[in-house]
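The values are calculated or read from the model by the stated rules, or taken from the named source; none is laboratory data. The model shown is predicted, which means the values in this text are computed figures rather than measured ones. Here the Cβ positions follow ideal geometry from the backbone for every residue, glycine too, while neighbour counts run over all protein chains shown.
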Amino acid sequence: MGDGNSVTSPAPDQTGDYPNSGSPAALDASKLKITLAKTLKPLEPIETLCFGQTFSDHMVVATHDPEKGWSAPEIKPYGPITLDPQCSCFQYGGNIFEGMKAYLGPDDKIRLFRPDMNMRRLERSCARLALPPIDGDAVLELIKCLVNIDKRWIPKESGYSLYIRPTVIGTRPGLGLTASDHAMLYVIASPAGPYFAKPISLLAVSENVRAWPGGTGGHKVAGNYSPGFLPQRTAAEKGYDQILWLFGDDRRVTEAGVMNFFVVVKRDDEDGVDLVTAPLDGTILPGVTRASCLALASDPEFHKEISMRLHPQEMVYTMSDLATWSSEGKLLEALAIGTVAIVGPCHRIGYEGKDIVIPGDGLGPVGTAIRKKILDIQEGRTEWKGWGVVCN
Ligand SMILES: *Cc1c(COP(=O)(O)O)cnc(C)c1O
């Protein structure tokens with residue numbers, strides 16, 4: 001499809017570098033060019049929605065080259081992109097992405113949930129892979145336009161949303177092992193159904209690690225994900241839904257699959273419960289949902305609403321801590337947390353041939369209260385600290 005997305009290779013100078021004269025343009029949402037699709041696709045009935053399988057009518061595209069900087073962004077019909085096979089993204093994986101959702105409230109307004117956090121994370125991910133700098137605020141403006149144009153793709157039903165996948169790929173031509181000074185931004189959107197609160201099982205593994213100090217685990221970079229597919233398949237063969245990733249000889253608990261992980265632990269002083277999660281030491285993805293759970297857990301206003309006292313604890317904890325809390329009857333809930341699931345329950349954790357069983361057969365009181373609060377904010381039923389951002 002010759003639709004103008006192809007990347008052409010500028011001539012390198014004698015040193016093999018690409019001259020960078022003048023100052024390259026920043027991404028500028030006010031230069032947006034909109035080309036609407038001539039025919040719109042039929043909507044997928046919500047009953048048959050399968051995560052990430054159906055895409056809306058349009059997408060955002062912008063490209064960066066080292067001389068001109070960011071191109072005028074476009075919203076155009078969803079479709080294939082054409083890239084030179086020598087582009088660095090295919091060889092060296094210089095790709096980063098974000099995951100966020102647009103929700104349609106009962107007031108017919110479109111809302112994003114704390115999108116600034118996604119945009120700052122997108123900027124950090126680009127920086128970590130030495131991709132060209134990108135202005136997240138401009139990306140957010142483009143996303144707001146896209147969700148308005150594709151509003152009919154946001155299901156009205158509670159729990160449903162339009163999942164948005166902003167992506168930046170390195171498109172530097174040539175096989176030279178060097179940072180990509182060429183890039184493409186694209187944003188695609190896919191209607192998504194609710195994640196039913198069916199408890200999942202986790203297999204704690206230590207023979208593979210997801211992330212390590214000084215690595216890239218704290219960034220949403222593409223290369224973090226495919227190394228998890230094989231261990232995930234092995235866990236599935238053993239009858240577990242997801243992996244509980246551990247780190248270090250002391251078997252620290254880090255994340256569950258591609259979600260942050262929390263446990264609810266009874267306190268000795270009977271003053272409410274501890275909400276425990278691993279600290280952001282570079283091995284943990286700084287989730288928007290994680291930050292929101294911690295913020296709610298430290299908010300007296302929220303405690304009053306749910307008549308419960310929560311104590312957020314960002315701390316190193318190990319499999320042996322989990323086993324001890326479980327044997328003492330203190331392990332009340334285990335929660336997998338992220339944009340897709342919001343808050344999902346875990347009912348058992350396989351470790352060294354045995355299962356740690358978490359009581360109950362669904363979300364417990366803490367998971368239920370946090371999930372409901374976040375969903376109410378996302379769908380605009382409640383105003384909370386500016387977390388729900390209206391896009392119309
Ligand atoms: C995206 C992601 C999360 C969740 O982050 P949210 O911003 O809450 O969606 C957690 N862990 C990993 C590894 C992730 O990629």
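Computed quantities for the displayed model
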| read-out | value |
| --- | --- |
| Restricting the stretch 285-310 to residues that are hydroxyl-bearing (S, T, Y) and surrounded by 14 or more Cβ atoms within 10 Å (Cβ to Cβ), the residue that is farthest from G350 (Cα to Cα) | S292 |
| Enumeration of residues in the stretch 356-392 that are touching a Lys or Arg at 6+ places or on another chain (Cβ under 9 Å), without any contact (Cβ under 8 Å) to a residue 40 or more places away in the chain and outside any loop (DSSP other than H, G, I, E, B) | I356, V357 |
| Flag for Q242 being within 28 Å of L332 (Cβ to Cβ), within 16 Å of the ligand (Cβ to nearest atom) and in contact (Cβ under 8 Å) with a residue 60 or more places away in the chain | yes |
| Residue satisfying all of: in the stretch 268-281; in contact with a strand residue (DSSP E or B) (Cβ under 6 Å, 6 or more places away or on another chain) and not small (G, A, S); nearest to the ligand (Cβ to nearest atom) among these | T277 |
| Residue count, the stretch 325-356 (criterion: of a type in the set (A, V, I, L, M, F, W, C) and either within 16 Å of the ligand (Cβ to nearest atom) or at positive phi (or both)) | 9 |
| Residue in the stretch 288-304 that is of a type in the set (D, E) and either farther than 23 Å from E157 by Cα or touching a helix residue (DSSP H, G or I) at 6+ places or on another chain (Cβ under 9 Å) (or both) present | yes |
| Criterion (under 25 Å from G338 (Cβ atoms), surrounded by fewer than 21 Cβ atoms within 10 Å (Cβ to Cβ) and either touching a strand residue (DSSP E or B) at 6+ places or on another chain (Cβ under 7 Å) or among the aliphatic types (A, V, I, L, M) (or both)) met by exactly one of F113, F51 | F51 |
| Elements of type helices (runs of 4 or more DSSP H) contained in the stretch 69-166, each with 2 or more residues being of a type in the set (F, W, Y) | 88-92 |
| Near pairs, Cβ below 7 angstrom, 6+ apart or cross-chain, from the stretch 171-200 (acidic (D, E)) to any residue that is surrounded by fewer than 20 Cβ atoms within 10 Å (Cβ to Cβ) and in a strand (DSSP E or B) | none |
| Inter-residue pairs, beta-carbon under 8 Å, first more than 10 Å from the ligand (Cβ to nearest atom) and in the stretch 282-301, second of a type in the set (A, V, I, L, M, F, W, C) and part of a helix (DSSP H, G or I), 6+ apart | L296/F302; L296/I370; L296/I374; A297/I370 |
| Residues being under 17 Å from L285 (Cα atoms) and charged (D, E, K, R) - total across the stretch 109-143 | 7 |
| V258 being closer than 30 Å to R121 by Cα, within 16 Å of the ligand (Cβ to nearest atom), surrounded by fewer than 22 Cβ atoms within 10 Å (Cβ to Cβ) and of a type in the set (A, V, I, L, M) | yes |
| Residue in the stretch 78-93 that is of a type outside the set (A, V, I, L, M), out of contact with any Phe, Trp or Tyr (no Cβ under 9 Å at 6 or more places or on another chain) and within 16 Å of the ligand (Cβ to nearest atom) present | yes |
| Single condition Q313 does not satisfy, out of (1) under 25 Å from the mean Cα position of the chain (by Cα); (2) surrounded by fewer than 20 Cβ atoms within 10 Å (Cβ to Cβ); (3) assigned to a helix (DSSP H, G or I) | (3) |
| Residues of the stretch 354-371 satisfying the condition of being modelled with pLDDT of 95 or more and surrounded by fewer than 17 Cβ atoms within 10 Å (Cβ to Cβ) | K354, D355, V357, P365, T368 |
| Residue ID - nearest to the ligand (Cβ to nearest atom), chosen from residues in the stretch 209-239 that are among the basic types (K, R) and surrounded by 19 or more Cβ atoms within 10 Å (Cβ to Cβ) | K220 |
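Residue-by-condition table, conditions (1) in contact with a His (Cβ under 6 Å, 6 or more places away or on another chain); (2) modelled with pLDDT under 95; (3) not basic (K, R):
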position: L280; (1), (2), (3): no, no, yes
position: L285; (1), (2), (3): no, no, yes
position: V288; (1), (2), (3): no, no, yes
position: A297; (1), (2), (3): no, no, yes
position: K304; (1), (2), (3): no, no, no
position: M308; (1), (2), (3): no, yes, yes
position: H311; (1), (2), (3): no, no, yes
position: E314; (1), (2), (3): no, no, yes
position: Y317; (1), (2), (3): no, no, yes
